[in-house]
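Structure, as structure tokens:
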Ligand SMILES: [Zn+2]
């Protein structure tokens, strides 16, 4: 295929909006100085960009259309996640779920979401023979809205479907199921580990 260097007339070297694979923030990524995008006719461009966050500056290769729509980035864009206050084994497992999702590996992401729940139960010393039992006993050790406990069980079922071909709670495991699973897991982790920290910081700002 004919490949020619892009220019502004053909839509190349555009600024693009990307969620940074490094720092997780959304930013307007500028082209690198003196590096021209490659134009793959009719309307695909390949370019290099840098995160505008001065503390990050992650180098990203991107594939985008002539209207600036991002088709792919390397490393892939990742759903943002704040790991503050969350124990390392849980963060490590959940980050793997986010990486699988970013790569479009939805079944693997659902399995890692389930494993994140297992790590949560272990860290909170919730015991039981099965994950269902452990989630049940988790209610004695953590305070969560009832809805989030229900969500934990749904996430467990999503992971079951991902891990066992005979399980069929969900009709399929795709981007939608995994994205909701990730959002719910973030809410659970936030409620278990991050709300206390936030409250303590607010209280520290009160007058003595
Ligand atoms: Zn960044």
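Projecting label points 7 angstrom from Cα along Cα→Cβ for residue 17 and residue 34 puts them 3.2 nm apart.
Modelled spin-label separation between residue 79 and residue 180, with each label point placed 7 Å from Cα along the Cα-to-Cβ direction: 1.2 nm.
Between residue 153 and residue 67, the FRET efficiency from the beta-carbon distance, with R0 = 25 Å, is close to 0.05. Taking the longest Cα principal axis of the chain as reference, the axis of helix 106-123 is set at about 40 degrees. Using the Cα gyration tensor of segment 121-208, with a ≥ b ≥ c the square roots of its eigenvalues, what is the shape: rounded (a/c below 1.5), prolate (a/b larger than b/c) or oblate (neither)? In terms of gyration-tensor shape, oblate. Relative to the longest principal axis of the Cα atoms of the chain, helix 175-189 runs at roughly 50 degrees.
If R0 equals 30 Å, the separation of the Cβ atoms of residue 166 and residue 141 corresponds to a calculated FRET efficiency of about 0.40. Computed over the Cα atoms of the chain, the ratio of the radius of gyration to the Kirkwood radius (Rg/Rh) comes to 1.09.
Values quoted throughout were computed directly from the atomic coordinates according to the rules given, and no laboratory measurement underlies them. The model shown is predicted, which means the values in this text are computed figures rather than measured ones. Here Cβ is always computed from backbone atoms with ideal geometry, including for glycine, and neighbour counts include all displayed protein chains.
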